[in-house]
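Engineer: One structure, pasted below without further comment.
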Amino acid sequence: MDLAYLRAHPAQLPAFLTHQRIRETPVPGGDICVASRLTLDDGHSIFAKSWPERADRPAPDGFFAAEAAGLRWLREADAVPVPE
């Protein structure tokens, strides 16, 4: 698993989940998305959030970009612990 590649190409996460040894642990909270802690075979952990697969209700345009911007703001404000 190349974490730098995954950060640059997050859309490849489903392929990594299928073809790499990754332990997936559900993370509670949230109302809309599925959140997981992914532990890679080298011991690194990452936080992943995905939109439930429903053809009748796709993720709104800019949904994850807006959330990422909000999380960056919280991290910079040192308001609460926020995953990278």
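Engineer: Using the heavy atoms of the protein chains and a 1.4 angstrom probe, tell me the accessible area per residue for the chain in square angstrom.
Structural biologist: 76 Å²
Engineer: Where does the charge balance sit around residue 36 when Lys and Arg score +1, Asp and Glu -1, over other residues with C-beta under 13 Å from its C-beta?
Structural biologist: Counting the neighbours of residue 36, the net charge comes to +2.
Engineer: Projecting each Cα onto the charge dipole of the chain (Lys/Arg +1, Asp/Glu -1 at the beta carbon, about the Cα centre), which of 9, 62, 45 comes out farthest on the positive side?
Structural biologist: The listed residue farthest towards the positive side: 45.
Engineer: Let me ask something else. With a cut-off of at most 10 other beta carbons within 10 Å, and DSSP calling the residue loop, which trypsin sites (Lys or Arg not before Pro) in the range 34-84 qualify? Please list them.
Structural biologist: Qualifying residues, ordered by number: 54.
Engineer: Counting only residues 5 or more places away or on other chains, whose amide H sits under 5 Å from the amide H of residue 27 once H atoms are built in the peptide plane?
Structural biologist: 35, 36, 37
Engineer: Now for a different question. Tally up the carbon and sulfur contribution to the accessible surface of the range 4-73 as a whole percent, 1.4 Å probe, everything protein left in place.
Structural biologist: Carbon and sulfur together cover 57 percent of it.
Engineer: So what is the relative contact order of the chain, in percent, for Cα pairs below 8 Å that sit 6 or more residues apart?
Structural biologist: Numbers: 68 pairs, mean separation 14.2, N = 84.
This gives 17 percent for the chain.
The values are calculated or read from the model by the stated rules, or taken from the named source; none is laboratory data. None of these values were measured; they are calculated from a predicted model. As a convention, Cβ positions derive from the backbone with ideal geometry for all residues, glycine included, and neighbour counts pool all protein chains shown. Remember, those area values only see protein heavy atoms, side chains included, never the ligands or the DNA or RNA. Shrake-Rupley method; radii C 1.70, N 1.55, O 1.52, S 1.80 Å.
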